[in-house]
Amino acid sequence: MSAPLPHFDGELLLRGDAGFDDAAVDRIFNRRLPDRTPAAVLRVASEGDIVGGVRLARERGWQVAVRSGGHSWAQWSLREDALVLDLGGFKEMSYDPGTQVVTATPSVKGGVELAPYLASRGRFFPGGHCPTVGIGGFLLQGGQGWNARGWGWAAEYVTAVDVVTAEGELVRADAEHHGDLYWAARGAGPGFPGVVTRFHLRTLPHPRHLAHTVQGFALSDFDEVMTWLHTLHGSVVDTVEIVALTKTEPGLGDEPVLLVTAVAMVDDAHEADRALAPFRTNPALERALFVVDNEPTTFDDERQGQLAANPEGHRWAVDNAWISGTPEDVVAATRRVYTTLPNAKSFTIWFSMAPLRELPDMAFSLQSEIYLASYVLWEDENEDARHQEWLAAAMADLQPVTVGQYLGDSDLARRQLRFVSDASWERLRKIIAVRDPDGLFVGYLAGPRGATNANHWQA
Ligand SMILES: Cc1cc2nc3c(=O)[nH]c(=O)nc-3n(C[C@H](O)[C@H](O)[C@H](O)COP(=O)(O)OP(=O)(O)OC[C@H]3O[C@@H](n4cnc5c(N)ncnc54)[C@H](O)[C@@H]3O)c2cc1C
C-alpha cells in the first residue's frame, strides 16, 4: 500500500480525479496535443511543493516532468506516466538594485511579466520575442531573446539557479557551487537533471530609443534580396536585431511577401539612423511594396506584433536549422521553406546572429550566423498531415547548408539534429548520469534511442 499523500500548498491531481484531464494539458500552447497521459499533475504553489513533488515521485516510482510557461512546441512537459510539476501558479520576482540582479521563478513570462517589472525599475532583460514564453524552458535551452546577435543568449545572463536535485534537495548552483548544474542549466534544455525553482539574472539598462526599418517585397525578389542580406548582415552594428521573414501580410494581398526588418535598440534617433543606414543599400529597394525607414517603435508595439503572429488555440508544427554556406547555396536551399508556405498564417524567419560572438563555457555551444525557423499553424486537425509533410520536405531541402538546430524550436521525436558541440554533449551526458542515475527526470523526448545530438542524415 502507498504511503498517504503529503500536504501540498498547491493541488495534486491523480489520473482519474475530477479536473485531471484539464490539468494535464490546459496550459500547453500547441493545441495539436499528443496522446500521452501523465500519472499525476501537481499544481505547484511554493518552492516546498517542488521539493515535496520530487520526493513523492521517487517514492511512487514516477518520473518527473516540468511545465513552466507551457510553450514547448513539442509539449515536452506532457509525458506518459510521469508526475507533471506545473509551476504556473508559482510566480515570484524580486530585484536587488545593489547587484542589479533580478530573481524570478520559471513560470514568469518574459515579455508580459518580467519586462514591465524591470522597465519600471529602468532595467531590461532579453526575454523571448513572444511575450508569453515562460523563462523556464527558454533559459534552459539558451534563450534567443531580443537582439541576441548583440546582447547574446539570455542564458549568458544567468548568474545562479536554485535547483531541486533528484535526491529532493534544494541547492543553489553558480560559478562556485554545484558548477556542473550551473553549466548544464545554460543549454541542456529538457535534458537538465533537476527542477529549477528560481533563476538569478543579470539585467541591462533599459534601451532608451527603439527604431525600426521594414521593407516589403514580392517573393519574386527573394533571391536578390536574400543574397544581398546574406553579404550585409555581419557588418551591421550589434545594436540592431535583423530578421527577414516571409508571411502573408494584411493589406498586401493573399500571397506571402518577404519582409526585411531591422530594429535598432540604441540611445537616440541619430544613433538609430546611423545603425539602420546600411538597409538603404538594398538593391531591390525601388521595387519594394512598402518601406518604413527608421521610425520610432517600442517594445510594447513589437511585442503586440509577436502576439498577433503567434495566436493561442492553434495546432503548430515548427522546425529550425542553423545555416551556413555561400549566399548562392543558402538561397537555393532555403527557397522552398520561404516561398511556398502552406497557408496564410504560417511564416518562416531568417534571424541574424552575425558576426558570431564567442560563447562562455556553458552547455549551449552550437550556433551559426543564420538561424532559420519555420512556424506552421492551423486549426483543423484534418490538416495535420498536410502541414507536417510540407514542413518535413522544406526542411529536408536545407540539409546541405544545415549545421544543427536550436532546441527551442525543435521536436527531437520527429527530427534529430545536433544541438550542442560534441564536447558539450559528452560533458552533459556525464553530468546527467551522475546527477540523475535512476532517470528520475524524463529528459529529452526523442524516441526509443533518446537524443543523439547528431544530424540524422549524418548519424
Ligand atoms: C509562441 C512562441 C514563441 C517563442 N519565441 C521564442 C523566442 O523568441 N526565443 C526563444 O529562444 N524561444 C522561443 N520559443 C521557444 C520557447 O523558448 C521554448 O519552447 C521554451 O521551452 C518555452 O519555455 P516554457 O517554460 O514556456 O515551456 P515549457 O513547455 O513549460 O517547458 C519546456 C521544457 O523545458 C524544461 N523546463 C521548463 N521549466 C523547467 C524548470 N523549472 N526546471 C527544469 N526543467 C524545466 C522541461 O523539460 C519542459 O518540459 C517560442 C515558443 C513559442 C510557443
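Below, the figures for the structure above:
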| read-out | value |
| --- | --- |
| Residue list for segment 402-459, restricted to those being aromatic (Phe, Trp, Tyr) and closer than 16 Å to PHE364 by Cα | TYR406, PHE419, TRP425, TYR444 |
| In segment 144-161, the residues that are near the ligand (Cβ under 10 Å from one of its atoms), in contact with a strand residue (DSSP E or B) (Cβ under 9 Å, 6 or more places away or on another chain) and open to solvent by less than 10 Å² (accessible area, probe 1.4 Å) | TRP146, ALA148, ALA154, VAL161 |
| Tally, over segment 308-322, of residues that are within 17 Å of the chain's Cα centre (by Cα) and either surrounded by 15 or more Cβ atoms within 10 Å (Cβ to Cβ) or polar (S, T, N, Q) (or both) | 9 |
| Out of ASP293, ASP300, sole residue that is at pLDDT below 95 and either among the β-branched types (Val, Ile, Thr) or surrounded by fewer than 20 Cβ atoms within 10 Å (Cβ to Cβ) (or both) | ASP300 |
| Selected residue (criterion: nearest to the ligand (Cβ to nearest atom)) from residues of segment 401-430 that are open to solvent by 10 Å² or more (accessible area, probe 1.4 Å), under 25 Å from GLU80 (Cβ atoms) and touching a residue at least 12 places away in the same chain (Cβ under 8 Å) | GLY408 |
| Strands (runs of 3 or more DSSP E) contained entirely in segment 209-316, each with at least 1 residues that are more than 16 Å from the ligand (Cβ to nearest atom) and closer than 17 Å to TRP350 by Cα | 209-218, 240-248, 256-266 |
| Residues of segment 43-59 classified as open to solvent by less than 70 Å² (accessible area, probe 1.4 Å), in a helix (DSSP H, G or I) and over 12 Å from THR165 (Cα atoms), total | 5 |
| Residue in segment 98-138 that is surrounded by the fewest Cβ atoms within 10 Å (Cβ to Cβ), counting only those that are assigned to a strand (DSSP E or B) and touching a helix residue (DSSP H, G or I) at 6+ places or on another chain (Cβ under 7 Å) | PHE124 |
| The one condition in (1) more than 27 Å from PHE419 (Cβ to Cβ); (2) at pLDDT 95 or above; (3) among the hydrophobic types (A, V, I, L, M, F, W, C) that LEU252 fails to fulfil | (2) |
| Selection status of GLY187, touching a residue at least 24 places away in the same chain (Cβ under 8 Å) and within 9 Å of the ligand (Cβ to nearest atom) | no |
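The values are calculated or read from the model by the stated rules, or taken from the named source; none is laboratory data. Please read these numbers as outputs of a predicted model, since none were measured by experiment. Neighbour counts run over all protein chains shown; Cβ positions are idealised from the backbone, glycine included. With ligands, DNA and RNA removed, areas are computed over all heavy atoms of the protein, side chains included. Shrake-Rupley method; radii C 1.70, N 1.55, O 1.52, S 1.80 Å.
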